[in-house]
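One structure below.
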Amino acid sequence: MRYSKMFAPTLREVPAEAEIASHQLMLRAGLMRKVASGIYTYLPMGWRTMEKIDTIIREEMNRSGAQELLFPIVQPAELWQKSGRWDVYGDELWRVRDRHGRDFCLGPTHEEVITSLISNEVKSYKQLPLMLYQIQNKYRDERRPRFGLMRSREFVMKDCYSFDRDEDGLDVSYHLMYDAYTRIFQRCGLDFRPVEADNGAIGGSSSHEFMVLAESGEAEILYCDSCNYAANVEIAESGTVIAESEEAMGDVEKVLTPNCRTIDDVVSFLHSDVKKSMKALVFMADGIPVLIFIRGDRRLNEISVQNYLGAVTFYMATEEDLVNAGLVQGFIGPVGQKLRVLVDHEIAQGRNFCCGANEKDYHFINVNFGRDFDGEVGKFRLTEAGETCPHCGGTLQKARGIEVGQVFKLGSKYSKSMGATYLDEEGKAQLMEMGCYGIGVGRTMAAAIEQNNDEHGIIWPLSLAPYQIIIVPVSEKSKTQVAAAEKLYGDLLAAGYEVILDDRAERAGVKFKDADLLGIPLRITIGDKSLAKGELEYKLRRSGEAGTISAENPLDAIEDLLNRADAPDHE
C-alpha cells in the first residue's frame with residue numbers, strides 16, 4: 001500500500017477524551033474514530049488488525065470442530081421472555097419497537113436465538129454434539145461507556161455455543177474451547193491467564209475468563225505463586241483458616257463519636273485498630289434492604305452476596321432507601337437490628353468489635369457475634385493478596401487484567417426454559433447440555449496495544465500488525481532512492497509480504513514518527529549513503545535493533561528479521 005493513498009489520519013496530540021494507552025493510540029494512529037459515546041468507526045488500519053484477529057479465531061474455531069453461521073442482530077422479545085431474561089437482563093439490554101408495536105432488542109448475546117434454532121432442528125442424539133459460532137456486532141447500552149473499545153456500546157464479538165447429550169459431553173466441548181482460546185491468545189502474542197470466574201447474567205455452573213495482564217485492566221485477579229490456580233477476585237477462594245479468637249469478651253460500651261461517619265474517622269477518633277472495626281454496607285436485594293457487616297479493612301464481595309441471596313436486582317442502597325429503612329447513615333450497626341443481617345466469617349470468629357450504635361454520633365465497642373447480635377454467617381469479603389492458596393498452600397499474588405474472552409458451562413439453563421430436547425436411544429426426551437464461549441474482538445485489539453506500546457506509539461505483535469513492513473525512502477526527490485524503494489516494494493509484494501511504501505513528500509523524521517506510531521514491526525530505510533555501499537538500513541520496532549542488510553538480495557535477510565520481530569527489547 002502506498003502511504004500517499006492510505007486513509008490513516010494520525011494525530012500528534014493526545015485526545016482529551018482518551019484515558020488509557022489503547023484508546024489514545026487507536027485515535028492517534030488513525031485506527032478508529034468516535035461517532036457517538038461508546039460507538040466507533042473502524043478505519044482501514046484498525047480494521048486490518050481486526051480481520052487478522054478474526055482469521056486467527058476462525059482457524060482455531062474450525063480446527064476445534066465448530067461451524068460458522070450468522071444470526072440476526074435484531075431479536076424478538078418473545079425469545080427473551082421465554083428464557084426469562086427480558087425483564088431481568090437490566091438496562092444494558094437495548095430495547096426497540098417496530099412500526100407494529102412489537103418489542104425487539106439489539107442482541108447483546110445470542111443464547112436465546114441459537115437455542116430456539118436448535119430446539120426446532122435437532123431431534124435425535126445422532127445429531128449431537130454440535131458447536132456453532134459467529135463473529136458479529138453486539139449491543140449493550142452501557143451506562144458509562146469508557147476506555148474506547150474496553151467498554152463500548154457497540155462491539156464485535158465471537159460467540160460460540162455447544163450442544164451435548166450430557167455433562168460428560170459438555171466437559172469435552174468446554175475443554176476443546178478452553179484449549180482453542182489458549183491457542184488464539186497465544187497466536188495473538190498476548191501475555192494472559194485463564195482464571196476462574198463468575199457467570200454473571202449469562203448463568204450456568206462454571207466459567208473461566210481469559211485475562212490479558214495489564215495495569216489498566218478493570219478486573220483484579222489473584223493467582224498462586226506455586227501452582228496454576230488463578231481466579232477473578234470476585235470468586236477467588238482462600239486457604240487461610242480463620243480460627244475463633246481466644247480473646248475474652250469485653251463489656252459493651254456506648255461511646256460518643258461526633259461526626260465519625262466513616263471507618264477511618266472512627267478508628268482515628270478512638271485510637272483503635274481498624275481490624276477491630278465493623279464496616280456496615282446496605283444493599284437493596286429485589287427491593288428489600290439487607291445489611292452486610294465485614295471487617296473494617298476488608299472489601300465487600302458484591303457478587304458473593306448477590307449469589308448468596310439469589311437476588312435478581314442488587315444495588316447499594318441510596319440515602320432515600322436508608323431513610324425508608326430507618327437507618328442512620330454513618331452509624332449503622334447490627335445490635336438490635338430487625339432487618340436481614342449477613343455477617344462475614346471474620347466478624348463471627350473475632351472478638352470485641354466497634355460498630356455503629358444506630359444512633360447519630362454514637363458507636364458501640366466490645367460488640368461480639370452470638371452474644372450481642374446474630375445474623376447469617378458466610379464469606380462475604382473479597383480474598384486478598386498474601387492469603388493462602390486454597391489448592392496448594394502457596395501465596396496468592398495480585399494482578400490486574402483485561403477480560404478478552406470467557407467460556408461458560410451453561411448446563412440446561414436455556415435448554416430447559418426453551419424446550420431444547422433430543423430423543424435418546426430409547427426414544428426418551430432429554431435436555432441438551434449447553435456451553436457458551438465468547439471473545440471480544442475489538443477488546444483483544446485494545447488489550448494487545450495496552451501490553452505493547454511505548455512513548456512513540458504502538459508496538460504490534462507481528463501476527464496482529466496491519467502491515468509487516470514499511471519502506472521509507474529518505475527523500476522522494478532522489479531518483480536513486482525512489483527507484484530502489486519501488487523495486488523493493490514490488491519484490492516484497494510479489495513474495496506475499498504486507499508492505500507500506502511511504503512515498504509522501506514529507507521529511508524523513510515525520511515518516512519515522514508515523515512508522516513508530518503505527519507500530520509496523522520492520523522499517524526499511526533507503527538513503528543515498530547506504531545505497532552507495534550496496535546496503536539498506538533496517539530497524540525492528542519492538543527491540544529497537546538497527547543495522548544494515550544487502551540491497552542486492554534482501555528478501556532472505558528480511559524474512560530473518562521478521563522472524564525476530566517479536567523478540568524482547570534489544571540490549
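Sequentially through segment 171-180, phi angles give Karplus couplings (6.51, -1.76, 1.60; θ = phi - 60°) of 4, 5, 4, 4, 6, 4, 5, 4, 5, 5 Hz, Gly and Pro residues having no value and appearing as x. Rolling a 1.4 Å probe over the protein heavy atoms of segment 211-282, with every protein chain left in place, gives an accessible area that is 47 percent carbon and sulfur. Derived scalar couplings between HN and Hα for segment 81-89 equal 5, 5, 7, x, 9, 4, 8, 10, 5 Hz in order, rounded to whole Hz, by the Karplus curve 6.51 cos²θ - 1.76 cosθ + 1.60 (θ = phi - 60°), x for Gly and Pro. Looking at segment 451-571, the accessible area is 46 square angstrom per residue; that uses a 1.4 Å probe and ignores ligands, DNA and RNA. As a length-normalised measure over Cα pairs under 8 Å and 6 or more apart, the relative contact order of segment 493-571 settles at 22 percent. Of the accessible area of segment 309-440, computed with a 1.4 Å probe over protein heavy atoms only, carbon and sulfur atoms account for 47 percent.
At 1.4 Å probe size, with every protein chain present, just tell me what the per residue accessible area of segment 80-188 comes to in Å². Numbers along the way, then the final one.
Working: 5040 Å² over 109 residues.
With all protein chains present, segment 80-188 gives 46 Å² per residue.
The ellipsoid equivalent to the alpha-carbon distribution of segment 160-230 has semi-axes of 23, 15, 13 angstrom, derived from the gyration tensor eigenvalues as √(5λ) and listed largest first.
Counting other Cβ atoms within 10 Å, keep those with at most 15, restrict to DSSP loop, and tell me which trypsin sites (Lys or Arg not before Pro) in segment 91-187 are left. Walk me through the numbers before you get to the answer.
Details: sites: ARG95, ARG97, ARG99, ARG102, LYS123, LYS126, LYS138, ARG140, ARG143, ARG146, ARG151, ARG153, LYS158, ARG165, ARG183, ARG187; in loops: ARG99, ARG102, LYS123, ARG140, ARG143, ARG153, ARG165.
In loop regions of segment 91-187 (DSSP not H, G, I, E or B), the sparsely surrounded trypsin sites (Lys or Arg not before Pro) are ARG99, ARG102, LYS123, ARG143.
Taken one residue at a time, the phi angles of segment 164-170 give Karplus couplings (6.51, -1.76, 1.60, θ = phi - 60°) of 10, 6, 8, 5, 5, x, 4 Hz. Gly and Pro are set to x.
Restricting attention to segment 236-389, close to 70% of DSSP beta bridges with both partner residues there are antiparallel.
May I ask you to list the lysines whose Cα is less than 29 Å away from that of LYS52, ignoring any residue fewer than eight positions away on the same chain? Answer for LYS52, where 29 Å is the Cα cut-off: LYS5, LYS34, LYS138, LYS158, LYS409, LYS487, LYS511, LYS513, LYS539, listed by chain and number. If I fit a long axis through the Cα atoms of helix 479-494 and take the longest principal axis of the Cα atoms of the chain, what angle between them do I get, 0 to 90°, rounded to 10? So the helix axis and the longest Cα principal axis differ by about 60 degrees. Peptides 397-404, 259-266, ordered by how many other C-beta atoms sit within 10 Å of their residues on average, highest first, read 397-404, 259-266. Against the chain, whose longest principal axis is taken from its Cα atoms, helix 44-63 shows a tilt of about 70°. Here segment 340-365 and segment 1-62 have alpha carbon centers that stand 52 Å from each other. Using only the Cα atoms of the chain, build the gyration tensor, take square roots of its eigenvalues as a ≥ b ≥ c, and label the shape rounded, prolate or oblate: rounded if a/c is under 1.5, else prolate if a/b is larger than b/c, else oblate. Here the chain falls in the prolate category. Among rounded, prolate and oblate, which fits segment 236-324 when a ≥ b ≥ c are the square roots of the eigenvalues of its C-alpha gyration tensor, a/c under 1.5 means rounded, and a/b larger than b/c means prolate? It comes out oblate by the Cα gyration axes.
The values are calculated or read from the model by the stated rules, or taken from the named source; none is laboratory data. From a predicted model like this one, the values you see are computed outputs, not experimental measurements. A quick note on method: Cβ atoms are made from the backbone with ideal geometry, for glycine too, and the neighbour counts reach across all protein chains shown. Protein only, heavy atoms only, side chains kept; ligands, DNA and RNA dropped before computing areas. Shrake-Rupley method; radii C 1.70, N 1.55, O 1.52, S 1.80 Å.
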